[in-house]
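Worksheet: one structure, shown below.
The values are calculated or read from the model by the stated rules, or taken from the named source; none is laboratory data. Since the model is a prediction, treat every value here as computed from it, not as a measurement. Cβ: placed from backbone, ideal geometry, glycine included. Neighbour counts: every protein chain shown.
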Amino acid sequence: MEELPLMAPRWIDLVRNSDVLGTLYSDVPPLESVRLRSFQLDWRGPTLTLRVDLPAYPAPDRVPPEWSERGHDTLQLQVQFAAVEDLTVRGWIPTVPVNISLAALPYRRILVRIAEAGFKLSFTSSDSLTVGHISSYRMTETGSDDVPHAFVSRLDTRLFTSLPGTYESSFFL
């Protein structure tokens, strides 16, 4: 019997807590042309968390009114990958948008790749992703996200008005 090739999964179909994004988007955008803000490794798990700006902002009728009133135009979130193995990192985080590609592997695993402008990040992980720390903000002309953010989570809203420093471990999934 011939084995069929595994299909490339849509990232949102692998997210176990995708309901929050479902309230903001009728069709969650792919991880193409996203701005990669950071990645964090954590030995517990081991996990890797990407902080990205999605390529499309939600429709005005799906965002909270205060986001529109503040002129927000960018949605940022963290995507956490668990049981990370085979990690390769070369180069520095690019300043241009990147494509994050996923390929299905046997045993409920995926291959994740980012390769853009002198930067390469690849690894394998569990095919169960988690999103968190979803926020909205108005990007500056320089592309900076060091501005006030409005967070989806009530806890994040109570703790932060903008992105915390990298020392704030409670902010990372």
Legend entry - Selection count, segment 70-100, where residues are in contact (Cβ under 8 Å) with a residue 60 or more places away in the chain, assigned to a loop (DSSP other than H, G, I, E, B) and within 16 Å of the chain's Cα centre (by Cα): 3
Legend entry - Single match in Pro64, Pro60 (criterion: touching a helix residue (DSSP H, G or I) at 6+ places or on another chain (Cβ under 9 Å) and modelled with pLDDT under 95): Pro60
Legend entry - Residue count for segment 27-48, restricted to those that are in contact with an Asp or Glu (Cβ under 7 Å, 6 or more places away or on another chain) and buried (at least 17 other Cβ atoms within 10 Å of the Cβ): 2
Inset, instruction - Output the residue which, of all residues in segment 127-173 that are among the aliphatic types (A, V, I, L, M) and in a strand (DSSP E or B), is farthest from the chain's Cα centre (by Cα). - result: Ala150
Legend entry - Filter result for Ala103 (under 23 Å from Trp11 (Cβ atoms), in a strand (DSSP E or B) and at pLDDT below 90): no
Inset, instruction - State whether the residues of segment 50-60 include one that is surrounded by 17 or more Cβ atoms within 10 Å (Cβ to Cβ), touching a strand residue (DSSP E or B) at 6+ places or on another chain (Cβ under 7 Å) and farther than 24 Å from Val96 by Cβ. - result: no
